[in-house]
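Undergrad: I have a structure I would like to understand better, so I am pasting it below and will then ask my questions one at a time.
Taken together, the values in this text are just the output of simple stated rules run on the coordinates, not laboratory data. Note that the structure is a prediction, hence the values are computed from the model and not measured. Here the Cβ is made from the backbone with ideal geometry for all residues, glycine too, and neighbour counts use every protein chain on show.
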Amino acid sequence: MRVKVNDRELELAPGTSVIDAVFAAGYDVPYFCSQAYMSPIGACRMCLARIGAPRKDRDGNWLVDDATGEPKVFFFPTMMATCTTVVMEGMVVDTLSKEVKDAQRGMVEFTLINHPLDCPVCDKGGACELQDRAYEYGTGRSRFVFDKRHQEKHHPLSELITLDRERCIHCKRCVRYFEEVPGDEVLDFIERGGHTYIGTLEEGLPSNFTGNITDICPVGALLDATSRFRGRNWEYDHTFTTSLDDASGSAIVIDARTGRIERIKSGINPEVNKSWIDDGIRFGHEYAGDPERLRRPLLRRGDAFEEASWDEAAAFISERLGGLSGKDVGIAIRADATLEEGVAARALAELIGTGQVDHAPRHGPSLVPVHGATLQDLATATAVIVLGDVTEELPALDLRIKDALKGVSPPPLFAHGVPIADLRLKERMPRARERLTVVAPYRVGLMQHAGRPVVVPVGGEAAWLQAMTDVANGTDPDEGALGMGRAEAQGLVRQWREASKAVMVVGGFVLASAKATDAAAALAKAVGASQLLVPPMANGRGLEITQVLPSHARYDYRGMLAGSAKALLLSGLDPARDPATAARLGACELLVVHDLFLTDTAKLAHVVLPGKSGYEKDGTTVSLEGRFLPVRAAPVDNGEAEDLTGVVKVLGEAFGKRLEGRSVRSARRVLRKELGFDPAELDRLGLLHDLPRRRSGVSVGPRQEATGAALRVPTMVRPEYLARNPRLRAALGDLALRLHPADAAGHDLHDGDEVRVPVDGAPWRLRIVLSEAVPRGVCLVPATPDAPVGRAHVALEQVVHERRALEVA
Amino acid sequence: MSTSRGHELPTVTPFFADKQDLLARILSRYPDYGRRSAVMPLLWEVQRAERHVSRARVDEIAEILGLHATEVKGVMSFYSTYHEHPVGAYHLQVCRTLSCSLAGADELAAFLEEELDLVNGETDAEGRFSLQFVECLGSCGTAPVLQVNDSYFERVSRSRCRALLDAMRRDALPAPTVERGGDNEVVRVEGADRSATGEAGEGDRA
């Protein structure tokens, strides 16, 4: 399509919106209601332009201007909203004439009629679309002499989001967002005309993706409650980085001010998270600024700790290690450590001469699938099989799955980025539910959108997968395990096979069992599906492919804790909740804990080293699809905290050695050789880089799989930090033990009770939540890095009430 | 969140529990993918029977249609004919747009306010009268117009209004003053009958 925008001609694909044509030509029109990745609706009327096109006569010939001999351009009688108009052959767009400028000025004046103009006290000030547009396109004065509309200024939509109803300009972005993106229609326009306001009847906005509306609000109406009144936009340092909260590799922007993280906004990575992040990533940052964070190394003197310098701590450690045999030392790092930290851990293990090095949490099976899928594959799949609760485990996947149900492929990018108005997207698009099959041991949120939800018994995934594989291979399945009739199962298998693209998402419940993982791979192979395996933490896949693994299965993290190591260096791990493990840790000859806080484990340590959170590290991470992404440090005041490369540096110096992982730079020299590219050169969008499955010959899985009728379930929030994230905690409540109401009755448990209950022998304080979504006889408790997703024993008969829920008289 | 305490909050009997036929008939008008369209007739059934749509009813309708309560509320609040709080047995709506205003609607409104001791939007303690000022009712030729429940009373002078109020206080609402013939007449008489006896019309009027 040849289009002329003002004086510039350009060639565009059919279906492009005129607003994108204008931006592609390098011109600008103001807009409020359009939003990348959402349907254009033409509500705000800001993007008006004069548009004309040539016409054909009855015989199909262009009507020609007699003077020039060119096709004559007929202008539309009124200004058109460019966001809802599609380009036509020979179209002429005028955005610069006086009529257009007058129309835009008029719209700015109209939009500002009821806007309070309280920019000096508004958190959006300085980064506000309305402010910018009023400045660029407005007259600077108002003729509106009447009283402005008065509405509620501080309406808490939830604990996380505050709504100022006076500032709202009714662009409908937030309302459309909830319908179009997560499909949770929890926000709507209430009343009409000049009285319209945004409201909800759903208390606390029950959705995992509410925070995104604060990013897309073009004014200061919807604000992130964690950052409200914390700083002005021009004071923030923006760090464009990758979230280490989960393995999605979601792009985020960390806004820090005077050494504190004040808020996290969504970054844009069109192939990963588009422009959306979940509430766990967005609001779960407050722990990084907690006043109890460790700022200096601590050395044990008798029963108490004393602050020490890094050199003193390193000297103490090297002296103690000198008296030990190298192979008795264990090194375990948390699986959200960067690749560079992994290299550092490996270098330290090599120096000490131990094979006991591991990352945790780590499932037995490999996280690199034989036939891997990417997130783009998932978003364009025509059949999706989900094994587990992805809405909690890796929420970014949930949104990409919903993209697949809409059947609109990711838009091609312009030089100005994502199309502002993608005319293929509509409000209330039909979703092809039949494409989605969700299998989980309890009713999960995504099942609402699934054509075929299947609730399997606890630990029943392997049997279900085996039975479906049998159906696919035409052998006799175990019909009891199918959860549906044989004919229906055959129909499902046929649908998966015939799909042009089938993707299987394998969550923690399956990966916790080697048998179930093999069964999932077999079913995927039988129906021609590619796989996405969900790592338990951010960089699980990266640490596996860079071989931060023990030399033998019995030297894995569990083995070290069970007694194979006499000295331990634990980075970010806190296994001391389990009393038996705590006793063994107390008896260690040397226990070094590298963490953010004085955890239960740190209290048993000889040396405690201050660690960095995922927001303060430089490094590289690998997402679940195998995408290498850069992690950049936000300027946060964390005292003398160091990541593991810093720890290895000082330890190496104490031994008089310059180790390979002594800094991010030296670790990257190693990585460059191993990976074939330089991680320092990664851009924000990352690099999909396929590395072969590189597992050493030994099986490094847990030797025995967990049993029990209860389940440790994934949560969107990080349970280990929930207590230090006050806003998130207020919004979502304390860590919960979820069970069926009928089961609760037998144990005198009521909704909201706080109880102390042993989970696999370790004491837990949990809040009781009764839910019909949980099958009878099953308890759901949160998974933590030290007790990952999988089966567990919950001793309900040993429940002790800490606090009973308020009685309703 | 459901609670399973021994002492439960009083629950409301679902409105459509004993009206399954009616519900099925309303839902049958819409294809399956357009089930949400039934939100208007369902709201109207509740409004007609209970003179308002309570939160419990909003939840019930949302449940029936598979929507969030917020969406039902969004639709309901868009129309001024649905009420969150019960209106009186006689819902008086005074048109104050141009024609009626020129013909004395403001004086009529002031008279009603004084006579009933109510302001715009209020219902009296007894639950007999509600007063509401509205925009054009489309009866400009016979201004000023007073709408009582579903019927129009036209050319309402002060004395006629006083007589009407007296009649309503005796629960003897007269047939509306008919100035225009045609099909309006039939509808108005039917509507008047219903509002006079205070009974809700049941069943499908389609």
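Undergrad: If you take the beta carbon distance between A:His150 and B:Arg36 as r and set R0 to 45 Å, what does 1/(1 + (r/R0)^6) give as a FRET efficiency, to the nearest 0.05?
TA: E(calc), rounded to 0.05, equals 0.85.
Undergrad: Counting other beta carbons within 10 Å of each residue's own, what order do A:Asp556, A:Asp7 fall into, fewest first?
TA: A:Asp7, A:Asp556
Undergrad: Given labels modelled 7 Å from the Cα in the Cβ direction, how far is it in nm from A:Ala795 to B:Glu122?
TA: 6.6 nm
Undergrad: Using 7 Å Cα-to-Cβ label points, what is the B:Ala172/A:Ala680 separation (nm, one decimal)?
TA: About 10.0 nm, to one decimal.
Undergrad: Cα-Cα over 30 Å: which of A:Lys426/A:Lys501; A:Lys72/A:Lys274; A:Lys98/A:Lys406; A:Lys101/A:Lys265?
TA: A:Lys72/A:Lys274; A:Lys98/A:Lys406; A:Lys101/A:Lys265
Undergrad: Find how much the distance from A:Glu203 to A:Arg756 grows on full extension, using 0.36 nm per residue of separation minus their present alpha carbon separation; answer in nm with one decimal.
TA: That works out to 196.3 nm of additional length.
Undergrad: Hey, another quick one. With n ≥ 4 as the cut-off for DSSP H runs, can you work out [θ] at 222 nm for chain A, using -39500 (n - 2.57) per run divided by the number of residues, rounded to the nearest 500?
TA: Calculated from helices alone, the mean residue ellipticity at 222 nm is -7000 deg cm²/dmol.
Undergrad: How crowded by other chains is A:174-182, given as the mean number of beta carbons from other chains within 10 Å of each beta carbon?
TA: 1
Undergrad: Which lysines, if any, have their Cα less than 18 Å from the Cα of A:Lys603, not counting same-chain residues under 8 positions apart?
TA: A:Lys566
Undergrad: Related question: Rounded to the nearest 0.05, what FRET efficiency do A:Lys56 and A:His238 give with R0 = 45 Å and r taken as the Cβ-Cβ distance? Could you check?
TA: 0.30
Undergrad: Along Cα→Cβ, 7 Å out, is where each label goes; now give me the distance between the ones at A:Arg105 and B:Gln20 in nm to one decimal.
TA: 6.7 nm
Undergrad: Something else about it: Projecting each Cα onto the charge dipole of chain A (Lys/Arg +1, Asp/Glu -1 at the beta carbon, about the Cα centre), which of A:Ala792, A:Met429, A:Leu10 comes out farthest on the positive side?
TA: Going by the Cα projections, it comes out as A:Leu10.
Undergrad: Reachable lysines from A:Lys612, Cα under 16 Å, same-chain residues fewer than 8 places away excluded?
TA: Correct list for A:Lys612: A:Lys649.
Undergrad: Okay, moving on. For the stretch A:1-112, give the magnitude of the charge dipole about the Cα centre (Cβ charges: +1 Lys/Arg, -1 Asp/Glu; no others), in debye to the nearest 20.
TA: That gives the stretch A:1-112 a dipole magnitude of about 260 debye.
Undergrad: Considering the zone a paramagnetic label at B:Glu107 would reach in this model (a point 7 Å from Cα along the Cα-to-Cβ line), which residues of the stretch B:133-148 have amide N under 13 Å from it?
TA: B:144
Undergrad: Alpha carbon centre of the stretch A:578-599 versus the stretch A:216-264: separation in Å?
TA: Each part's Cα centre sits 34 Å from the other's.
Undergrad: Using alpha carbons only, how many angstrom separate the centre of the stretch B:85-111 from the centre of the stretch A:1-28?
TA: 54 Å
Undergrad: With the dipole of the protein assembly as shown worked out from charges on the C-beta (+1 for Lys and Arg, -1 for Asp and Glu) around the Cα centre, which of A:Ala315, A:Leu629, A:Gly407 lies farthest toward the positive end?
TA: Checking the options against the dipole of the protein assembly as shown, the answer is A:Ala315.
Undergrad: For the stretch A:539-561 and the stretch A:430-488, compute the distance between their C-alpha centroids and round to whole Å.
TA: 32 Å
Undergrad: Nearest 0.05, what FRET efficiency do B:Ala56 and A:Phe76 give at R0 = 60 Å with Cβ-Cβ as r?
TA: My answer for the efficiency is 0.75.
Undergrad: Related question: Mind checking the dipole of chain A: about its Cα centre, +1 per Lys or Arg Cβ, -1 per Asp or Glu Cβ, Debye to the nearest 20?
TA: Its charge dipole is roughly 760 debye.
Undergrad: Additional query: How long is the gain from A:Arg658 to A:Ala487 if the chain were fully straight, where each residue apart is worth 0.36 nm and the alpha carbon distance is subtracted?
TA: 55.0 nm
Undergrad: Could you please report the charge total around B:Ser77, scoring K, R as +1 and D, E as -1 over all other residues with beta-carbon less than 12 angstrom from its beta-carbon?
TA: Neighbourhood net charge equals -2.
Undergrad: Tell me, which cysteines of chain A are without a disulfide-compatible partner by the Cβ under 4.7 Å rule?
TA: A:Cys47, A:Cys83, A:Cys119, A:Cys122, A:Cys128, A:Cys168, A:Cys174, A:Cys217, A:Cys588, A:Cys779, each lacking another Cys Cβ under 4.7 Å.
Undergrad: Here is a further query. Given the options A:Ala583, A:Met80, A:Leu770, identify the residue whose Cα lies farthest towards the positive end of the charge dipole of chain A (+1 on Cβ of Lys, Arg; -1 on Cβ of Asp, Glu).
TA: A:Met80
Undergrad: Straight-line reach only, C-alpha to C-alpha below 20 angstrom: list the aspartates and glutamates that A:Lys56 could link to, leaving out same-chain residues fewer than 8 apart.
TA: A:Asp65, A:Asp66, A:Glu70, A:Glu89
Undergrad: Dipole of the stretch B:20-78, Cα-centred, from +1 at each Lys and Arg C-beta and -1 at each Asp and Glu C-beta, to the nearest 20 debye?
TA: For this selection, approximately 180 debye.
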